[in-house]
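I have placed the structure first, in the form of structure tokens, so that the comments after it can refer back to it.
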Amino acid sequence: MSRVVGIDLGTTNSLVAYVKDGVPVVIRDQDGDALVPSIVSTAADGAVYTGREAQRRLLTDANRTVYSVKRFMGKDVDDLRGDLRLLPFQVSGESGGVVRIGLGDRELTPPEVSAFILRDLKHRAEQFFAEQGEVDNEVDRAVITVPAYFNDAQRTATRDAGRIAGLEVLRIINEPTAASLAYGLDQRHTGVIAVFDLGGGTFDISILRVEGGVFQVLSTNGDTHLGGDDIDLLILEHVLADLASPRPTFEAPGFTRTSEQIQALRQAIIQAKRDLSDREETLLLGVPVTRAQLEQWIAPIVERTLEPCRLALADANLRASDIDEVVLVGGSTRIPLVRQRVGELFGRTPHSELNPDEVVALGAAVQADILVTGNRDLLLLDVTPLSLGIETIGGIVSKIILRNSTIPATGSEMFTTAVDNQTAVDIHVLQGERELVTDNRSLARFKLRGIPPMPAGMPRVQVQFQIDANGILSVTASELRTEVEQTIEVKPSYGLTDDEVERMLIESFEHAEADVAARLLIEARNEAASVITATEKSLRSPEFPAIAQSDLAPGEQKRIEQALAGLKHVMSSPNRDAILQWTKALNDATQHLAEVMMNRSVRAALTGKNVDGL
Ligand code: ADP
Ligand code: MG
């Protein structure tokens, strides 16, 4: 039987693992190296290099060498402005269209570039299995991991990369979830785990609950533009600034730094950074640098990881002291300052028994094994990053699935019509945290038609949301009396950038108060409108003149008409209190009339029965 593997397709490094006799192991090359640098390079004759070889070519052929391609997955050019600084390769594409990356004379999409790395891993694994003496060493199925913040477009791009490389992608799973699987935390105890993943290009914090062998992601947060790359750039900036004046030979007039020089500098910096994770002092370009100096430079970056941790805790309704275990993932968590600050935040020493570079691939292998063998009935639950709902009358959003709900998720609400004889309802599907439709993201619109004419409020329209394990949302609207039904499939985060997700969350916090006020006003107006409609209907009904004569007190009709006029007058003002007062006034004024009308219809019904019974 062909083999399945787990793949960590990282921004900086990628690796592949498999499960041997129930234990996940990373597949290494002849030198014992597990990490394949996520770098692709091409020579003038068209030959393509990946991994370490491509990394070496960063020094000689920087312009024909591509790294950090994961940053471009599922993105369009407009999303990328900030990323292009100091990148030696060409990134192009039409506004709103797919990014193209210049690789030598070719222009490739990010999944095509990633596919070179995946092919390298596939090949590495096949070679390994062949050396183990296996008859069928083909590797054609894989579980691939992505950062928790990856949206649907980015996940789809990752899946595409797998397909281009000749791999059936069994599942895309979140890196922090994979890491906790690698630690076997599902089998250890009941509790809450914080997974802190600081790699080369992304930062993720996930709060997971383990109970009865089941993982549940309570919340996720992070920053897709925070990691070791940023630390390198920061050191680079400090070093360039330092070098500028005392080293005239390096920055002589008319001298321009080439990409190769920048890359050589970059690699020297990475080496020095790594040294300082184990030692107090090292040399960078012959200049002594201390760990204390480095810590001073990078402290702002380390601090930037802490706020997402606090937000994730808040989303999970937990305090730092509620966390039972902290797991470190990603090469940058080897930095002592990172460990120290994370330890301080959560009030406990983080786990780091497993190699932080490898845990994600190990977990992916475990997941792949579970999917294929069905051993270990383990459920992995993910969460949806933004709330989903539909537009209701007055332009407000009725949320149906709340943000951070575990997926697969379902939710449903009952709605009805606002006017008589309405035969179709508009379903407008929205994503976001704000109260008003205009401040949220429109995902889809469709009409539920074929509702038979009925008085307002009679139809029972059920709107059902369902998000499947891959994050795809389907919305079904049905009228329950007649069983008319309409379904639509939407991709909740298609084309939505991580920055947009973040912006939407931040705005919802900033505007929370104003939003609530706007919502309350709209609700008051809706309530007023329905009381007005009901009153006008009664006043116009054929029985009203008779009722007014025999049942209403002198002046009662006049009081109703005054309250009606008063409410209509304040209805469109922004004064919610006045609307509420006049609504109450009209309700009070019509209470007796409503009772009379109700009694009449009840009496009519009973009389009818009696007649029938005789
Ligand atoms: P990714 O998941 O983004 O591919 P990794 O988990 O492989 O990233 O981490 C890569 C990052 O970790 C790089 O920025 C690398 O420089 C950094 N790194 C690796 N080892 C160390 C170390 N000993 N000290 C500090 N940073 C390290
Ligand atoms: Mg990683």
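The values are calculated or read from the model by the stated rules, or taken from the named source; none is laboratory data. Here the structure is a predicted model, which is why all the values come from computation and not from measurement. When we count neighbours, we look across all protein chains shown, and the Cβ atoms used for this are built from the backbone with ideal geometry, even at glycine. To get the accessible areas, we keep the full protein, side chains included, count just its heavy atoms, and leave off ligands, DNA and RNA. Shrake-Rupley method; radii C 1.70, N 1.55, O 1.52, S 1.80 Å.
Numbers at a glance
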| quantity | calculated |
| --- | --- |
| Gap separating the Cα centres of region 140-173 and region 414-472, nearest whole Å | 32 |
| Computed label-point distance, nm, for sites residue 28 and residue 310 using a 7 Å Cα→Cβ extension | 4.2 |
| Coil-residue GluC sites (Glu not before Pro) of region 104-145, DSSP, other Cβ within 10 Å capped at 16 | 134, 138 |
| Cross-link reach list, aspartates and glutamates versus residue 537, counting only Cα pairs under 20 Å and skipping chain neighbours closer than eight places | 420, 527, 551, 556, 561, 588, 595 |
| Nearest-0.05 FRET efficiency for residue 460 and residue 44, computed from C-beta distance (R0 51 Å) | 0.15 |
| Gained length - residue 482 relative to residue 371, 0.36 nm times residue gap less alpha-carbon distance | 35.8 nm |
| Radius 9 Å from Cβ of residue 34, net charge of other residues (Lys, Arg +1; Asp, Glu -1) | -3 |
| Theoretical ellipticity at 222 nm over the chain - DSSP helices of four or more residues, -39500 (n - 2.57) apiece, nearest 500 | -13000 deg cm²/dmol |
| Share antiparallel - DSSP beta bridges, the chain, percent rounded to 5 | 80 |
| Net charge contributed by nearby residues that have their C-beta within less than 13 Å of residue 280 (K/R +1, D/E -1) | -2 |
| Test item: Cα-centred dipole of region 384-495, Lys/Arg +1 and Asp/Glu -1 on Cβ, debye | 120 |
| Under the span-like rule (Cα at least 20 Å along the axis, Kyte-Doolittle mean at least 1.6), DSSP H helices of the chain | 359-373 |
| Potential extension, residue 320-residue 20 segment - 0.36 nm per residue separation minus Cα distance | 104.3 nm |
| Overall form of region 384-495 per C-alpha gyration tensor (a/c, 1.5; a/b vs b/c) | prolate |
| Extension gain (nm, one decimal) between residue 90 and residue 420, 0.36 nm per residue minus Cα-Cα | 112.8 nm |
| 442, 38, ranked by accessible area, largest first (probe 1.4 Å) | 442, 38 |
| Heavy-atom SASA rank of 323, 393 (probe 1.4 Å, accessible area, largest first) | 393, 323 |
| Above-threshold pairs, the threshold being 27 Å between Cα atoms, out of 558/584; 70/273; 75/447; 399/568; 399/447; 447/584 | 75/447; 399/568; 447/584 |
| For the chain: Kirkwood Rh in Å [reciprocal of mean 1/r, alpha carbons] | 28.2 |
